[in-house]
1. How large is the Kirkwood hydrodynamic radius of segment 110-168, in angstrom, based on all distinct alpha carbon pairs?
2. If packing is taken as the mean number of other Cβ atoms within 10 Å per residue, what is the order of 52-59, 322-329, highest first?
3. What are the semi-axes of the equivalent ellipsoid of segment 235-372, taken as the square roots of 5 times the eigenvalues of the Cα gyration tensor, listed largest first and rounded to whole Å?
4. Tell me the mean residue ellipticity at 222 nm calculated for the chain from its helices only (DSSP H runs of n ≥ 4, each -39500 (n - 2.57), averaged over every residue, nearest 500).
5. Using only alpha-carbon positions, what ratio does the radius of gyration of segment 42-148 give when scaled by 2.2 N^0.38 Å?
6. Apply the a/c threshold of 1.5 to the C-alpha gyration tensor of segment 82-132 and tell me whether it is rounded, prolate or oblate.
7. Would you mind computing the Rg to Rh ratio of segment 203-265 from its alpha-carbon coordinates, Kirkwood style for Rh?
8. Restricting to the chain, what percent of DSSP beta bridges are antiparallel, rounded to 5?
Ligand SMILES: Nc1ncnc2c1ncn2[C@@H]1O[C@H](COP(=O)(O)OP(=O)(O)OP(=O)(O)O)[C@@H](O)[C@H]1O
Ligand SMILES: [Mg+2]
């Protein structure tokens, strides 16, 4: 790869319901790189905090601001877009959804430029759930426009298709048969089934997404369990939680629930802490209890996949199922998906979509699968202004 303005100097952003991840093709080495988005790792929370219509903070900063002023906080803006909102009501303001996404892109761009001697990427690759409509996808492209990337410099790729490109990269032996992606994230479940007629090329045979099924459903199930158990064990605290809990106490409980859920993928039990007005209770949840709470949702997801396979007429012939997305780490999900076909090795489920989006675009360039992308061959974007 040549200079920083080389056309392959692309940034891919996977704007997730819970987390945002990004990857780029290094303008120096031409290698696929994951972009660190926080001091501790590759992800940043997709949350936003609106202090004024033209001042939107994102990621850890947004979480921090929310602690002192919950009124400007948007915990999962992508979820609202998935639900069909194009304008968010925040405090007294109406904030266009694409301005919030633009703030996320702006923050990612600052980081990728800092990693690459201040040079801006030539184009963006943005990923979206399989089930999003053209209007919902347009929120992403409008956001790109706000940060200096007009439509001809932006490519969109669906999340499960990006994931399959990542997993199948460089696997010359993996030819023939069908592969599927089960991308179980925070807010959506995305399924794709593809045939691989020759090395590195794919034909999409069927896709489907459930925009209302993800890790947040499991958080909600645990939260309901907390209400029931607390009502029995400590009715005063249950009433205080319902009527008198401060924002930071509710956020603390939300975090405790999420951490317990994630720990239950590794451990047989985990605790959830409830604190309201100095009163505290610690509840223990076993993996068996958790599995009973989520069984119906997991079965619904697996049934969706089975239907996609059936419709694509490949039900008996899936060579590998790639599990990706944070919620795919849940053992019960493995167990049930296994009934559909062999599960391929898990890689890093956090950044496969962003990296795979770049692989997908590169393949389209060299005449691989799918329609030709409008590749940003000569674009020289303006420096990204503050959104
Ligand atoms: N070890 C784990 N066990 C169970 N759930 C987990 C684990 N790790 C992460 N999760 C859950 O995965 C979800 C986040 O996954 P991911 O980052 O793939 O989603 P996303 O990309 O933000 O969402 P989406 O793709 O649906 O828009 C959260 O609900 C998180 O709690
Ligand atoms: Mg995702």
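The numbers here are math on the coordinates, done by the rules we state, and not lab data. Predicted, not measured: the structure shown is a model, and the values here were computed from it. Cβ placement follows ideal geometry from the backbone for every residue including glycine, while neighbour counts extend to all protein chains displayed.
1. Values: mean 1/r = 0.0789 Å⁻¹.
In segment 110-168 this quantity evaluates to 12.7 Å.
2. Numbers: 52-59: 17.5, 322-329: 25.4.
Highest-to-lowest ranking by the protection proxy: 322-329, 52-59.
3. Details: eigenvalues 309, 76, 35 Å².
Over the Cα atoms of segment 235-372, the ellipsoid semi-axes are 39, 20, 13 Å.
4. Details: 11 runs with 148 residues, N = 387.
Rounded to the nearest 500, the figure is -12000 deg cm²/dmol.
5. Numbers: Rg = 13.8 Å, N = 107, 2.2 N^0.38 = 13.0 Å.
The value comes to 1.06.
6. Working: a/c = 3.95, a/b = 1.66, b/c = 2.37.
Because a/c hits 1.5 or more and a/b fails to exceed b/c, segment 82-132 counts as oblate.
7. Details: Rg = 16.1 Å, Rh = 13.7 Å.
We get a ratio of 1.18 for segment 203-265.
8. Values: 44 of 60 bridges.
Given both bridge residues lie in the chain, the antiparallel proportion sits at roughly 75 percent.
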